[in-house]
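**Q** Quick one: the structure is below, and I'll ask about it shortly.
The values are calculated or read from the model by the stated rules, or taken from the named source; none is laboratory data. Note that the structure is predicted; figures quoted are calculated from it, not measured. Note that we place each Cβ from the backbone using ideal geometry, even for glycine, and neighbour counts take in every protein chain shown. Quick note on the areas: whole protein, heavy atoms, side chains included, nothing else; ligands and nucleic acids left out. Shrake-Rupley method; radii C 1.70, N 1.55, O 1.52, S 1.80 Å.
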Amino acid sequence: LLRFCCSSFVHQFSLSIMAHILTAVEGATADVVPITRALISVSDKTGIVEFCTFLASQNVHLLSTGGTAAKLREAGLTVQDVADYTQAPECLDGRVKTLHPKVHGGLLGVRGNPTHEAQMTEQGIKPIDLT
């Protein structure tokens, strides 16, 4: 559903980051849309601060979990906890964090599909452009 594109990221920070998102489940055509919300959750945090600093500089809303969110905040970044977004606490020693309709709906909702968009609005689900 998503392919992150930022060809110059390794060499220099690009001013434009985009995602390729399929507009229909069966379709092969991808639309290019700006990345506005990213779900960040990693076990190996090497390089995550630099990557998320770049995302934040592009006005990308950072949505994150537990230790990753703490690491990003420690670096001075603004992060929304997944638990705050979903209104459901992490559980089972942190093993269940993102298993929630607001997260999966944000990832799987088909843009341009009026039924999906209406359901997302009704349920307070925001699109997630990058994981």
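**Q** Just the residues that are over 23 Å from Pro34 (Cα atoms) and out of contact with any Ser or Thr (no Cβ under 9 Å at 6 or more places or on another chain), please, taken from the stretch 46-69.
**A** Thr46
**Q** How many residues does the stretch 91-131 hold that are more than 18 Å from Gln80 (Cα to Cα), in contact with a helix residue (DSSP H, G or I) (Cβ under 6 Å, 6 or more places away or on another chain) and not aliphatic (A, V, I, L, M)?
**A** 1
**Q** Find the residue count for the stretch 91-130, including only residues that are under 24 Å from Ala56 (Cα atoms), in contact (Cβ under 8 Å) with a residue 60 or more places away in the chain and crowded, with 16+ Cβ neighbours inside 10 Å.
**A** So the count comes out to 8.
**Q** Has the stretch 87-99 got any residue that is farther than 25 Å from Pro34 by Cα and among the β-branched types (Val, Ile, Thr)?
**A** The answer is yes, given that some residue of the stretch 87-99 is farther than 25 Å from Pro34 by Cα and among the β-branched types (Val, Ile, Thr).
**Q** State all residues of the stretch 40-51 that are open to solvent by 20 Å² or more (accessible area, probe 1.4 Å) and closer than 20 Å to Lys126 by Cβ; if no residue qualifies, say none.
**A** Matches in the stretch 40-51: Ser41 only.
**Q** If you don't mind, another one. Does the stretch 52-83 hold any residues that are touching a residue at least 40 places away in the same chain (Cβ under 8 Å) and either on the phi > 0 side of the Ramachandran plot or open to solvent by 50 Å² or more (accessible area, probe 1.4 Å) (or both), and which are they?
**A** Within the stretch 52-83, just Ser57 meets the criteria.
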